[in-house]
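The structure appears right after this line, and notes come after that.
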Amino acid sequence: MKTLRISHPGISGAHTAATIRFYTDLLGMPLVLRQPNLDYAPEDHFLFHVGEDNFIAYFLPREEGAHEYPQAQGGSGHMDHLAIDVEPAALDEAMTRLREAGVEFAGPMERGYERSIYFADPNGVTVELLTWHTPPPAGMSQAAILERAQARREARGAAIVEDEDIRAAIVELGGTLPA
């Protein structure tokens, strides 16, 4: 069996209007589907388009306040966070928009080959927006780049994949680096 991609995480939440505003207005993700939840009648099923045919699915009450779900939490058996790739300029734009909306966030944090910020959505789900320091060339697989960069990291005896590993991997795979 060959898998293609993660289509979407499916998240249950309790704050319908705030969740819609958060993902559409604040993060700029189009709401591409809203229909009844076929498995639980008091909820609707929402799909927010992240980009590149990837989605976030939310199951939210039709009637605001109908659910008393606890806020999301990290830890064993729970989703730790939802990571979303963005273009480098979009990360700075996101920080500005989050500040203006009064949403607290952590970062930006340097993560070797990427830079990230973290914040909570209205249901307590931690969202990470990340950008690669050297974005993959169009049409080049992130998986192929990461696999090659991982081998370089191991050969260097380094603790984490750095941007230098990513850049070398891109070149080794026949890609061109940005100017």
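Here, each number is a calculation from the coordinates, and none is a lab measurement. The model shown is predicted, which means the values in this text are computed figures rather than measured ones. Here Cβ is always computed from backbone atoms with ideal geometry, including for glycine, and neighbour counts include all displayed protein chains.
Note on the chain: dipole from Cβ charges, positive end direction compared against Leu173, Ala158, Ala143; the farthest Cα belongs to Leu173. FRET efficiency for the Arg111 to Thr176 pair, using the beta carbon distance and R₀ = 25 Å, is estimated at 0.55. Positive end of the dipole of the chain (Cβ unit charges, origin at the Cα centre): among Tyr113, Thr19, Ile56, the Cα lying farthest that way belongs to Tyr113. Extension gain for Ala17-Asp39 works out to 5.8 nm (0.36 nm per residue, less the C-alpha to C-alpha distance). Within region 118-145, find all residues whose amide N lies under 15 Å from a label point positioned 7 Å from the Cα of Leu82 along Cα-to-beta-carbon. Answer for region 118-145: 118-130. Based on the reciprocal of the average 1/r between different C-alpha atoms, the Kirkwood radius for the chain equals 18.1 Å.
Sort out the exposed loop GluC sites (Glu not before Pro) in the chain (DSSP loop, at most 15 other Cβ within 10 Å) and tell me the longest stretch that has none. Looking at the chain, 105-179 is the longest stretch - no exposed GluC sites (Glu not before Pro) with at most 15 other Cβ atoms within 10 Å.
Each residue of region 142-153 was assigned a 3J(HN,Hα) from its phi angle through the Karplus curve 6.51 cos²θ - 1.76 cosθ + 1.60 (θ = phi - 60°); the sequence is 4, 4, 5, 5, 5, 4, 5, 5, 4, 4, 5, 4 Hz, with glycine and proline shown as x. Under the convention that each Lys and Arg Cβ holds +1 and each Asp and Glu Cβ holds -1, the size of the dipole of the chain around its Cα centre is about 360 debye.
Bridges between two residues of the chain, per DSSP, are antiparallel at a rate of about 75%. When the Gaussian network model of the chain links Cα atoms closer than 10 Å, the mean-square fluctuations of Ala155, Ala101, Ala120 top out at Ala155. Calculate, in whole percent, how much of the Cα-Cα pair population of region 41-116 lies beyond 14 Å. For region 41-116, the fraction of Cα-Cα distances above 14 Å is 76 percent.
Residue by residue, region 20-36 carries 3J(HN,Hα) couplings of 4, 4, 4, 6, 7, 7, 7, 9, x, 9, x, 7, 9, 8, 9, 8, x Hz when phi is fed to the Karplus relation 6.51 cos²θ - 1.76 cosθ + 1.60 (θ = phi - 60°); x denotes Gly or Pro. For region 37-81, the residues whose backbone nitrogen is under 18 Å from a point 7 Å from the Cα of Glu104, taken along Cα to Cβ, are 71-74. Calculated on the alpha-carbon coordinates, the convex hull of region 90-136 measures out at 72 cubic angstrom per residue.
Listed values for region 113-125 are Karplus-derived 3J(HN,Hα) couplings in whole Hz (6.51 cos²θ - 1.76 cosθ + 1.60, θ = phi - 60°), namely 9, 9, 10, 9, 10, 10, 7, 9, 7, x, 9, x, 6, and x replaces Gly and Pro.
Once both labels are positioned 7 Å from their Cα atoms along Cα-to-Cβ, the gap between Ala90 and Gln142 label points is 1.0 nm. In a fully extended conformation the segment linking His8 and Tyr69 would gain 19.9 nm over its present Cα-Cα distance, using 0.36 nm per residue. Given a cut-off of 20 Å, what percent of all Cα-Cα pairs of region 1-89 lie beyond it? So the portion of pairs separated by more than 20 Å is 40 percent. Pairs of Cα atoms nearer than 8 Å and 6+ residues apart set the relative contact order; for the chain it is 17 percent.
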